[in-house]
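A short write-up of the structure that comes next.
Values quoted throughout were computed directly from the atomic coordinates according to the rules given, and no laboratory measurement underlies them. Bear in mind that the values here come from a model prediction, so they are computed numbers and not experimental data. Note that we place each Cβ from the backbone using ideal geometry, even for glycine, and neighbour counts take in every protein chain shown.
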Amino acid sequence: MGIAVIRFERSTDYELIRRVMTNPAIYPHISDDASPPAGEYRPLEHEAIWYVLAYDGDELLGLWMFCPQNAVCWEVHTCLLPSAWGERAQLAARLLPLWIWSNTNCRRIVSNVPTTNRLALHFAAKAGMRLFAVNEASYLKYGQLCDQAMFGLSKPSEEVMPKPIHLFRGAPPVRSWSKYQETVESWTLCGSYRKGGSKDPESTEDPQQVSCPYCRDLMRSSAPEPIAEAVGDREEK
């Protein structure tokens, strides 16, 4: 199986959004006792709300709904289809913040997870979010009040974090498993759009120069042994 090629895009296709959110495997986990039946649910339509679709190639994996609490702090709701559950869901969740930092004014992502939803609690933690508080007795489901765990993730400070070096999509080191057989200088392996092309100082074809953690995760996940070893060697130096 080839490497997952995760990409994101904002959508206002509200019928598609509705179908994803009301999927029988999703809707019971994003609704509460005041929510309408799935057949009557309609997603909120507002320019401030971002529905971000996730794809693996051309396959829709699901979406994230972002609701701004203010100009820079956005609350996220996860709606990933069953076909994405597992490794691809975790990969997409790790890549999503980078896309959000690059394409929006959001500087902090927060999420409220009912403490009864153990899978969602583990998913948030594995995605890199940190528990910062508990909102007691704040969620009503099946007539029972439960607490919500409050997770957050902030954009790294550019003053503290050097800008990462990305690998171009379709670069020679990944062609043995990538569907892209030529270097695509407008996109990186992790799905970041680059305007500078071959002159972009933050992108390269050399795997040993790559410092972007998302590109490196992708390189490791399906890389042939020599490339995987080169990535590992670089980390040890």
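Observations, loosely collected:
- Cα gyration tensor shape of segment 12-74, rounded if a/c is under 1.5, else prolate or oblate by comparing a/b with b/c: oblate
- Helix 225-236 and the longest principal axis of the C-alpha atoms of the chain enclose an angle of approximately 80°.
- Each label was represented as a point 7 Å from its Cα along the Cα-to-Cβ direction; for residue 85 and residue 195 these points are 4.2 nm apart.
- Per-residue ³J(HN,Hα) for segment 25-37, Karplus 6.51 cos²θ - 1.76 cosθ + 1.60, θ = phi - 60°, Hz, x for Gly and Pro: 8, 10, 4, x, 8, 10, 10, 10, 5, 8, 6, x, x
- Residue 139 long-range amide H proximity, modeled H, under 5 Å: 146
- Global form of segment 138-191, assessed from the alpha-carbon gyration tensor, a/c cut-off 1.5: oblate
- Helical contribution to [θ] at 222 nm, DSSP H n ≥ 4, -39,500 (n - 2.57), averaged over the chain, rounded to 500: -7500 deg cm²/dmol
- ³J(HN,Hα), Karplus 6.51/-1.76/1.60, whole Hz, each residue of segment 140-145, x for Gly, Pro: 10, 9, 6, x, 10, 7
- Between residue 35 and residue 141, the modelled labels are 0.9 nm apart [label points 7 Å from Cα along Cα→Cβ].
- In Hz, Karplus ³J(HN,Hα) per residue of segment 97-102 (6.51, -1.76, 1.60; θ = phi - 60°; x = Gly, Pro): x, 4, 5, 5, 4, 7
- Loop GluC sites (Glu not before Pro), segment 175-209 (other Cβ atoms within 10 Å of the site Cβ: 16 or fewer; DSSP): 182, 202, 205
- Percentage relative contact order, segment 6-154, counting C-alpha pairs under 8 Å, at least six apart: 20
- At q = 0.12, 0.13, 0.16 Å⁻¹, base-10 log of I(q)/I(0) for segment 83-226 (Debye sum, equal scatterers on each alpha carbon): -0.61, -0.69, -0.92
- Two-decimal ratio, segment 6-154, of alpha-carbon radius of gyration to 2.2 N^0.38 Å: 0.99
- Net charge over other residues, Cβ less than 14 angstrom from the Cβ of residue 18 (K, R count +1; D, E count -1): -2
- Once exposed loop chymotrypsin sites (Phe, Trp or Tyr not before Pro) are cut out (DSSP; at most 15 other Cβ, 10 Å), longest piece of the chain: 181-237
- In this simple spin-label approximation, residue 48 and residue 176 carry label points 7 Å from Cα along the Cα→Cβ vector, and these lie 5.1 nm apart.
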